[in-house]
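What follows is a single structure, written as structure tokens, with notes after it.
The values are calculated or read from the model by the stated rules, or taken from the named source; none is laboratory data. This structure is a prediction, so every number in the text was calculated from the model and none was measured. Cβ atoms come from the backbone with ideal geometry, glycine included; neighbour counts cover every protein chain shown. Surface accessibility is based on the protein's heavy atoms, side chains included, excluding ligands, DNA and RNA. Shrake-Rupley method; radii C 1.70, N 1.55, O 1.52, S 1.80 Å.
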Amino acid sequence: MSDTALQTSGFPWLTAVVFLPLAGAVLLFFVKDAAVRWTALAVALADLALSFPLFFLYDRSATGMQFTERVAWIASPPINYAVGVDGISLPLLLLTTLLTPLCVLVSWRAIETRLREFMATILVMATAMLGVFVALDFVLFYVFWEAMLIPMYLLIGVWGGPNRLYAAVKFFLYTLAGSVLLLIAILVLFFQGGHTFDILLLSKAGYSQTLQNWLFWAFFIAFAVKVPMFPFHTWLPDAHVEAPTAGSVFLASVLLKMGAYGFLRFTLPMLPDATAAFTPIMVGLSLIAILYGAYMALAQADLKKLIAYSSVSHMGFVTLGIFALNAQGIEGALMQMINHGITTGALFICVGIIYERTHSRMIADNFGLANPMPRYATCLVIFALSSLGLPGTNSFVGEFLILIGTFLWNKAAAVVASLGVILAAAYLLWMVQRVAFGPTAGHSALRLSDLNWREMTIMVPLIVLVFWIGLFPNPLLKVMHTSVDHLIEQEDQEDRALARRDAREMRERREARDGHVAQVSLKANNK
Amino acid sequence: MFDLLVTLIPALPLTAVLLNGLLGTRYSHEVAHRLGWGSVAVSFLCAIVVFADTLKTGVAQEVTVYTWIFGGDLTINLAFLIDPLTCIMLLVVTGVGFLIHLYSVGYMHGERGFTRFFTYMNLFMVSMLLLVMGNNYLVLFIGWEGVGLCSYLLIGYYYDRVSAAKAATKAFVVNRIGDAGFLLAIFLVFVNFNTLDYTQVFAQAGKLSTETATAIAICLLIGAIGKSAQIPLYTWLPDAMEGPTPVSALIHAATMVTAGVYMIVRNHVLYDMAPVAMTTVAWVGGLTALFAATIGLVQNDIKRVLAYSTVSQLGYMFLACGIGAYAAAIFHLMTHAFFKALLFLSAGSVIHALSGEQDIRKMGGLKAKIPWTHSLFLVGTLAIAGIFPLAGFWSKDEIMAHAFTHHYYALYAIAVLGAFLTSFYMFRLTYLTFYGQSRVDHHVAEHIHESPTVMIGPLVVLAVLSVIGGFPGVPPEEGWFHHFLRPATTGVGEEHSAGLGLVVALMSAATVIALMGWGLAHYLYSVRPEAAQRWAAGAPRAYQTLLNKYYVDEIYDLLVVKPTKRLGMLCDWFDRTVIDGMVLGVWRVTQSGSAFSTGFEKYVIYGLINIMGYANHLSARSWRKLQSGMVHHYAAMIVAGLFILVHLILVWWTGSSVIGLALR
């Protein structure tokens, strides 16, 4: 039935990309202690290499899913193993495979206990995250969605900082609420959308306004916690502070994108009317997140918290772009999801690097680093500039498209969002001023060694991406165009179809009522 | 060929940036600085060829490099527009830029981070060239932010100095406020024209309503105010003097800060449609010109006096834009680039000679020790003060005359007063630095030396330009300069010339004003040095207010910076107390819920069961009492039972109780 929309290709690319890290995780338990790091790195790199051709093989002009695979899983209810990517999920998939080897490298020396288990957790995490982006069956999606939480929980709970229990409980509480509502929403969709879990079919089904409204809020809680949108964000700073660097990177770069991806994959196509109805609230919350996150970032003394709150602000831009509901806004949001993954991930790595040297994440303990660590300071400045959206770097392209999309929707909203751009410069450069510049700190600073080859290996690809996307964003934008256009057309079409159906229903109801009235009067006459 | 030359202009410094930035540590300083100034020199030659071509053909040409962004129906190219306005800016930027690069070789000799300096300077050249060459608003914006970045990096060049790091952050953040306005202007342009290319926008500008044109013009103005350090966003520029002196000359005097003026002239089509915006531009400029000049009167740091002077001169350029004298604005931009670069670099030469001393109270009598620097600085002073026939005279006079002949008398009066103050503070600076008794610390005095040729050479060129730089603009409003620029600056109501008599009268007035300023400075700082202190003591409050720059920094700190930080703290408190409080509340409720259900099970459910058991036990005991074995007890019970039974039967039959029957 839906097979028309799914062309199956020969080699199971996506299955291979998704499950290779899992296989690697199993493999890790059969290698010698000394080989754990290299094995993990080799697996992660192999996965990156495997996913890389997708970028070139992907047909930029075709709408719909590509590289699809479908295998029946459970007969009744009909649950399939169905995967595929489009222009929305492919960049996120590539971002994930790119970050996995970096996360392995980041943890090279930082993790001292249970290294084997740690690396296995990282790889399992990668499989779960990749699965979320490729799943085309709602149950499969939900399985990956929940599976992702377990390794994350372990990363924080086992390898986390001193206050990890508190962070883990908070993380758990928030996500639990979201997950329960998501499950309910999925079940409701199953029964209302034609007894299928096929995401593409469910997207085409069309639902009544009332049902859409209920589903919208259920989805909203589930996704808003992940983004995180104000006021569901307070798990984020604590989780970041307690998580090891690799955990922070996964959290900031990929996990936060799940919420925004959910909005794009489910809320917008499935619930177009509710989306249209609640857009002002979504934009309002996004604007609050942008400003609130920025002000929070200004007040932080802990580097990780500062960057965590800057994430809240940046993800506010992403949701703002999504709910501007036009091509510029959504493409900007997608760009910004990737950019945030690169830049904020890099900033967390920067914090991790300095934490390994000074054992403090406090701004007050780390200052004047430009003298002992010039390479480090250069990287920090580059990523800070990228994060504040300097033209020529990646974030500018995303922010610019988001703002222009927002401006087309509502001028005042764009003006408020622009304030966030100013504040971003303030908190990031103030941070750089205090951490990188100023007089070199007495005894501790002199012993600090600059970035070594391993750390440069992590930084260089990210720096290249910052400028490559900033100067040549089109190759990436081209991947997104068709899918985003399709999404918006769908939105419009469904709007119109729904309006037609509503009109028809109303007419029928009116006719029925009129008929009834006519019959009643007929009876009266007969009497 | 033309396309290649145009592309090479920014591409050459970019190549130098990449080489010096990535490989700079691998080779010697000599290679690094040769790459630095060499690339700019070749760019300058390319610019001359491009200029000659434009002069010959007289048409604007566009060169597209590649498509940068497209999203939705928005397509943005990295493309250049070469027209007379761009040509003038190109010559000024690459020409003055080249001289300052050359000077830097001597000035920065032996400094830590020598290669880094040239990398940043070249990156600045790239950004500034993109800014003036772009054929659309977004390329302008890349350049705009790029120069801001380089300004940030170079102000903070001595990064281990806290004041430098702070000044750098301040400059960037204050500029960002303006940039936000600029971004909004770009969005407005896109919404109204569906393109960001100048030529298409200006061709369709006629369809705009006055309100929209005003909105765009005002948003652009906000951007220009930030970049060009006008009221109320000028406070970053004096602090920017923390950077090395060549940076102050190139970025914070000759080129970057004039970007706002360039932008307004570039968009003059939109401004011509928005009279309210024009008036705003004129008054922002006029007030800044006067305001900054008054602060400049009493400052004691040689570079800060020049910084306030720059703010003031930029005010003149804004004033010129606001009254529609676009060509005059660009003319003043050009001459100002010559004499202000000269002044800053000569000041650098002074500072160099005095081992880093910048306080003019510790200078004096340097004329004999550094004669070259003295003569060059004096030429700069004469030029900026508007002494006939130096460059500053022609350009400044033209602005004032335009104001007068177009009946902006209030602005004219402000401009004249500003000119008087300019002349005064510049000669004050000259007298305090080079004349009178030496107040130099004797340790420093032993090392005073004239600067090397590599520094003096560029200064001589700039001095010559400061002398003759005004002649292309003679006669006023009708010179070669104006004819060349006309295709790019023709606005509404441009055409009309004042009578010769009026022109001469205005020129004479301007000269007299400038001479008066000189005279007063001569009296106070040469003839009667004690009089200046007496004047200052005579009006202590006014003097202190000026010395503290009207306390504007303190006021901003109180009204903007501190409240912003406090708001951050408030948000932090809100986050931890209220939002986290709610989350923990849910946790507590869940926790206490489980405690409650445990308690409920323990006490209520088990309790009920126990109660039931106990009740059973109790009732059994009472029932047991009935079985007393005494007959009269049984009889009484039978009677009571019968009574109840009969009563029930009666109720059943009659529907009423015995009591009810009795009452009936």
In the range A:209-251, the residues losing 30 Å² or more of accessible area (1.4 Å probe, heavy atoms of protein chains only) relative to their chain alone are A:234
Principal axis dimensions, the range A:394-467 - Cα atoms, whole angstrom, descending: 53, 28, 11
Rounded Å value of the spacing that divides the Cα centres of the range A:358-399 and the range B:3-21: 26 Å
Which residues, if any, in the range B:178-203 have at least 10 Å² less accessible area in the whole protein complex than in the isolated chain, probe 1.4 Å? B:180, B:183, B:184, B:187, B:188, B:190, B:191
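On average, how many beta carbons from a partner chain sit within 10 Å of the beta carbon of a residue in A:466-479?
2
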Ballpark to the nearest 100 Å², how much total accessible area do A and B bury together, probe 1.4 Å? 4800 Å²
Carbon and sulfur %, accessible surface of chain A computed with the full protein complex present, 1.4 Å: 66 percent
Using the Karplus curve 6.51 cos²θ - 1.76 cosθ + 1.60 with θ = phi - 60°, what ³J(HN,Hα) values do you get for each residue of the range A:459-475, in whole Hz, with x for Gly and Pro? 6, 4, x, 5, 5, 4, 5, 3, 7, 4, 5, x, 9, 10, x, 4, x
Partner lysines whose C-alpha sits under 17 Å from that of residue B:562, ignoring same-chain residues fewer than 8 away, are B:166, B:170
Could you let me know the centre-to-centre spacing of the range B:496-563 and the range B:593-617, using Cα atoms, in angstrom? 91 Å
Which values of log₁₀ I(q)/I(0), to two decimal places, follow from the Debye formula for chain B at q = 0.09, 0.10, 0.11, 0.12 Å⁻¹ with a uniform point scatterer at every Cα? -0.77, -0.93, -1.09, -1.26
Would you tell me the mean number of C-beta atoms belonging to other protein chains that fall within 10 Å of each C-beta in B:557-566, as a whole number? 2
Accessible surface, per residue, of the range A:254-333 when the full set of protein chains is kept, probe 1.4 Å, Å²: 13 Å²
Which value, in debye to the nearest 20, gives the size of the charge dipole of the protein assembly as shown about its Cα centre, when Lys and Arg are +1 and Asp and Glu are -1 at the Cβ? 2980 debye
Going residue by residue through the range B:481-487, the Karplus relation 6.51 cos²θ - 1.76 cosθ + 1.60 with θ = phi - 60° gives ³J(HN,Hα) values, rounded to whole Hz and with x marking Gly or Pro, of 3, 5, 5, 5, 6, 3, x
Taking only protein heavy atoms and a 1.4 Å probe, what accessible area per residue, in Å², does chain B have with all protein chains in place? 41 Å²
Asserting the computed 222 nm helical MRE of the protein assembly as shown (DSSP H runs at least 4 long, -39500 (n - 2.57) per run, divided by residue count, to nearest 500) equals -24500 deg cm²/dmol
Cα to Cα, under 16 Å, and not fewer than 8 places away if on the same chain: which lysines meet these conditions relative to residue B:396? B:340
What whole-number distance in Å separates the alpha-carbon centres of the range B:403-476 and the range A:198-262? 62 Å
Counting only protein heavy atoms, probe 1.4 Å: which residues of the range B:575-604 lose 20 Å² or more of accessible surface in the full assembly compared with their chain by itself? B:575, B:579, B:580, B:583, B:584, B:587
List the lysines whose alpha-carbon lies under 28 Å from that of residue A:478, not counting same-chain residues fewer than 8 positions away? A:204, A:226, A:257, A:411
Sparse-neighbourhood loop hits (chymotrypsin sites (Phe, Trp or Tyr not before Pro), the range B:1-104; DSSP loop; Cβ within 10 Å at most 14 others) -> B:27
Find which of B:552, B:44, A:396 sits farthest along the positive direction of the dipole of the protein assembly as shown, computed with +1 on the beta-carbon of Lys and Arg, -1 on that of Asp and Glu, about the Cα centre. B:552
All alpha-carbon distances of the protein assembly as shown, grouped into 10 Å bins from 0, give the whole-percent distribution 2, 9, 16, 19, 16, 12, 9, 6, 4, 2, 2, 1, 1, 0, 0
Determine Rg/Rh for the range A:300-486; Rg is computed over alpha-carbon atoms and Rh is the Kirkwood hydrodynamic estimate from the same atoms. 1.02
Over all distinct Cα pairs, what is the inverse of the mean 1/r for the range B:162-212, reported as the Kirkwood hydrodynamic radius in Å? 13.1 Å
